[in-house]
1. Based only on Cα atoms, what Rg/Rh ratio does the chain have, Rh being taken as Kirkwood's radius?
2. With Cβ to Cβ distances under 11 Å as the rule, what net charge do the other residues near Asp365 carry (K, R +1; D, E -1)?
3. What is the local net charge at Tyr289, summed over the other residues whose Cβ is closer than 12 Å to its Cβ (Lys, Arg +1; Asp, Glu -1)?
4. Modelled label-to-label distance, Asn193 and Lys303, 7 Å Cα→beta-carbon offset: nm?
5. What do you get for chymotrypsin sites (Phe, Trp or Tyr not before Pro) in region 230-300 restricted to DSSP loop and a cutoff of at most 14 other Cβ within 10 Å of the site's Cβ?
6. Taking the Cα atoms only, what angle lies between the long axis of helix 16-29 and the longest principal axis of the chain, rounded to 10 degrees?
7. Semi-axes of region 5-101's equivalent ellipsoid from the Cα gyration tensor, sqrt of 5 times each eigenvalue, largest first, rounded to whole Å?
8. For Lys369, list the aspartates and glutamates whose Cα falls under 18 Å from its own Cα; do not include residues on the same chain fewer than 8 positions away.
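The numbers here are math on the coordinates, done by the rules we state, and not lab data. Treat the numbers as computed from the prediction; the structure is a model and nothing was measured. Quick reminder, even Gly has a Cβ in these numbers, built from the backbone with ideal geometry, and neighbours come from all protein chains shown.
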Amino acid sequence: MRITISEQRKYKVKNTKQAKSLVDEYLRHKKIDIGGFEFGLPEVHDRYHNWNVPIMKAKEVIGVISVNAYSGEINKELSTDSSFLEKRANKVIKEIKKTSNKKFEYIISNLNNTIVQGRAENVLDKLPEQSIDMIFTSPPYYNARKEYSEYETYEDYLDTMREIIRQCKRVLINGKFFIMNSSHVLVPRASRNESSTRIPVPFDLHQIFMEEGFEFIDDIIWQKPEGAGWASGRGRRFSADRNPLQYKAVPVTEYVMVYRKKPAPLIDNFIRKNPNPDIITKSKIEDDYERTNVWYISPARDKRHPAIFPNELAEKVIKYYSFVNDVILDPFGGIGTTAKSAATLGRRFYSIELNENYVKETLRDLNKKQNLLNNNYQYEFLDLSDELERPIKKSIRHVLSDIKKSGVDDQKIIDTLMGLNQHNDK
Ligand SMILES: C[S@@+](CC[C@H](N)C(=O)[O-])C[C@H]1O[C@@H](n2cnc3c(N)ncnc32)[C@H](O)[C@@H]1O
């Protein structure tokens, strides 16, 4: 017969059931006011020989009560203080009331299919709050070489991306999805004596998404065939010399990062409360969907644009994160891959692109597609190109970085800001 550790050690409290019952008795006897509660799974702590019993309120752990495994007595030093338990229980109840009082409102956008020639920062400003159901985009490439870049510095680039992500958040419906495709940027070596470096753009963008109030949902890896990576030149040196430390992996992946706008109502609301149940049936996804977060898709090539993503990628994202008739926004539209895929899948589209030629190509393709699909969709073209001027908006991070670069140390900045704050309080 198997002897349990509790039996070997001759514990008085031999199992989770006994531990829970002792804690239950203690909480009731002490009249600790936390209303209805549940237990989490008790665990034995080997060092102190005690049972830690988690106390849960509405599925959240609000504290732990510790029971001496030898004596069965409550170990107060290792337990959450009763006043703390009460405070946390009240907080959880308040939160529940707050969310259940907020009635879920099903928003149906009245935006029509639109192609805009303009700068995303300016165009987004004109869109109504919560008018977009899903965003899929791939941001402009950051070129580390100043002469090719419209951005002064990488910080400048990130500030622009932050501004656009912030505006996208405003126009996106609460709880809906923003999917961003990006990859690290390879900065080629400037001379034979230097090595190339990489800028982890997706990770910096991720930081911005978190700071701007999005919930992180998934990191999907878009994997391309191996041949696609060798063109970057990375890994060639190692392949020839085979010296340790020179190893560099050939990049064959890009990130497809998935975020959800907070506050985020339960997904179930978007399904059960849709006023048109027919749309839910029409939007169901077929059996051959992607099971894992690694998607094998060949890259797309088009001589009209150097950095398009494949239709297959756009179509998967649109199918998995939107319903038929939803409005799909791409703030960096390029030659309209997102818009065209949205049209194919019976979604509405809103595509913004600053380059006139790319917009022309998008319009040309959409017209062709209209005939091909015999699809009776209409679209509007908005020319906002007179607003192509780049707005200069510096973020606090950027300003701080400039001050630091000029040699002022952190403490001095903190002291000055604290001083200003005290001044304002007076
Ligand atoms: C990576 S490409 C997107 C390509 C697109 N996914 C496609 O398949 O055609 C990024 C696009 O953003 C455009 N762009 C750059 N800055 C922009 C801005 N501030 N507003 C609007 N478009 C911008 C560029 O001209 C470029 O076409």
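1. Details: Rg = 28.2 Å, Rh = 26.3 Å.
Computed over Cα atoms, the ratio is 1.07.
2. Values: positive: Arg304, Lys340, Lys360, Arg364, Lys368, Lys369; negative: Asp302, Glu361.
Summing Lys/Arg as +1 and Asp/Glu as -1 gives +4.
3. Details: positive: Lys284, Arg291, Lys316, Lys319; negative: Glu286, Asp287, Asp288, Glu290, Glu315.
Surrounding charge for Tyr289 is -1.
4. Those two pseudo-labels are separated by 4.2 nm.
5. Numbers: sites: Trp230, Phe238, Tyr247, Tyr255, Tyr259, Phe270, Tyr289, Trp295, Tyr296; in loops: Tyr247, Tyr289.
Within region 230-300, the qualifying chymotrypsin sites (Phe, Trp or Tyr not before Pro) (loop, at most 14 other Cβ atoms within 10 Å) are Tyr247, Tyr289.
6. Helix 16-29 and the main axis of the chain meet at about 80 degrees.
7. 28, 12, 10
8. Output for Lys369: Asp302, Glu312, Glu315, Glu361, Glu380.
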